[in-house]
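Participant: Take a look at the following structure, please.
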Amino acid sequence: MKQFITIITLLLVFISCSKEKTGNMIVKGEIKGLKKGTLYLQKMKDTALVSIDSVQLFDNNKFILSDNVDSPIMYYLTLSGNTGQKKLMFFGEKGEITINDNVEQFGFKPEISGSKNQEVMSKFKEVNQRFKLQRLDFIAKDIEAKAKKDQAQVDSLEKAYKKLVRRRFLFTTNFAIANKDSEAAPYIALSELFDANIYLLDTINNSLTDRVKASDYGKRLQKFVNDIKKNEKPEKE
């Protein structure tokens, strides 16, 4: 009886995995080392993360998922298994996207191809990671200086950290402008410069191509900029 149930389960999984995907975005790939688990294709809807497609994998680490994409946006590939849930983010768009990863380090260094916006994001993350490491170094030095009650060092680190923040803001702005024809540009502005000077956000917004301005993230950036300007207090004469 147990053997019969196992055969039926495997058959249902095979049918689920092999059924034709009809979305205009196909996400396929392989998760090395995966023996058993469920893979979900998810995206944000309003403020909630919703599942668009899923597949159960048993002794088969290859997958195919799909969705209909109106405008390129960030998606999540969520792996649920014996070790809990693991996620990776990628920029979804029309076409075929290939994602290869391994189960032990899922989400850390996935190989993603087929998404032009993801290529832009990967280049940005490569440099932005250096800023993050420098920030962690500043935090460690600041903790050490405060422990020693070295106020001169604390003040010096604070000034240097502010310069680092400005450099990161300027790099991010210039990077977004250089990629003004990519939907990744307004996404980067929204996710990395939300607390920056409105001038930087406005500069990116004005540089975007008409096609990108009409995209999901392009519209969100325009609204974000408009809201900030509306809420700005008028300068006293």
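The values are calculated or read from the model by the stated rules, or taken from the named source; none is laboratory data. Note that the coordinates shown come from a computational prediction; the quantities given were computed from them, not determined experimentally. When we count neighbours, we look across all protein chains shown, and the Cβ atoms used for this are built from the backbone with ideal geometry, even at glycine.
Participant: Return a yes/no flag: does segment 63-73 have any residue that is among the polar types (S, T, N, Q) and under 16 Å from the mean Cα position of the chain (by Cα).
Facilitator: yes
Participant: May I ask you to list the residues in segment 205-217 that are assigned to a helix (DSSP H, G or I) and either within 25 Å of Lys43 (Cα to Cα) or acidic (Asp, Glu) (or both)?
Facilitator: Asn205, Asp210, Arg211, Val212, Lys213, Asp216, Tyr217
Participant: Next question. Can we say Met44 is out of contact with any Leu (no Cβ under 8 Å at 6 or more places or on another chain), closer than 16 Å to Ile112 by Cβ and touching a residue at least 12 places away in the same chain (Cβ under 8 Å)?
Facilitator: So Met44 fails the test.
Participant: Can you tell me which of (1) assigned to a strand (DSSP E or B); (2) β-branched (Val, Ile, Thr); (3) closer than 24 Å to Lys125 by Cβ is the one Ile64 doesn't meet?
Facilitator: (3)
Participant: Return only the number of the condition from (1) touching a residue at least 24 places away in the same chain (Cβ under 8 Å); (2) in a helix (DSSP H, G or I); (3) surrounded by 13 or more Cβ atoms within 10 Å (Cβ to Cβ) that Ser156 does not satisfy.
Facilitator: Of the numbered conditions (1) touching a residue at least 24 places away in the same chain (Cβ under 8 Å); (2) in a helix (DSSP H, G or I); (3) surrounded by 13 or more Cβ atoms within 10 Å (Cβ to Cβ), the odd one out for Ser156 is (1).
Participant: Still on this structure, please answer the following. Would you tally the residues in segment 168-204 being over 24 Å from Lys229 (Cα atoms) and either outside any helix (DSSP H, G or I) or of a type outside the set (A, V, I, L, M, F, W, C) (or both)?
Facilitator: 3
Participant: OK, next. Looking at segment 67-89 only, could you name the residues that are touching a residue at least 40 places away in the same chain (Cβ under 8 Å) and among the aromatic types (Phe, Trp, Tyr)?
Facilitator: Within segment 67-89, Tyr75 is the sole residue that qualifies.
Participant: Looking only at segment 91-117, which residues are in a loop (DSSP other than H, G, I, E, B) and of a type in the set (S, T, N, Q)?
Facilitator: The answer is Gln105, Ser115.
Participant: Another question, then. Could you tell me whether segment 32-42 includes any residue that is assigned to a strand (DSSP E or B), among the charged types (D, E, K, R), outside the structural domain of Ile188 (by TED's automatic domain parsing) and at pLDDT 95 or above?
Facilitator: No.
Participant: Could you tell me which residue of segment 80-126 is surrounded by the fewest Cβ atoms within 10 Å (Cβ to Cβ), considering only residues that are modelled with pLDDT of 95 or more and of a type in the set (A, V, I, L, M)?
Facilitator: Of everything passing the filter in segment 80-126, Met89 is surrounded by the fewest Cβ atoms within 10 Å (Cβ to Cβ).
Participant: Follow-up. So if I check each of Ala176, Ala196, Ala145, which one is touching a Leu at 6+ places or on another chain (Cβ under 7 Å) and surrounded by 15 or more Cβ atoms within 10 Å (Cβ to Cβ)?
Facilitator: Only one candidate qualifies: Ala145.
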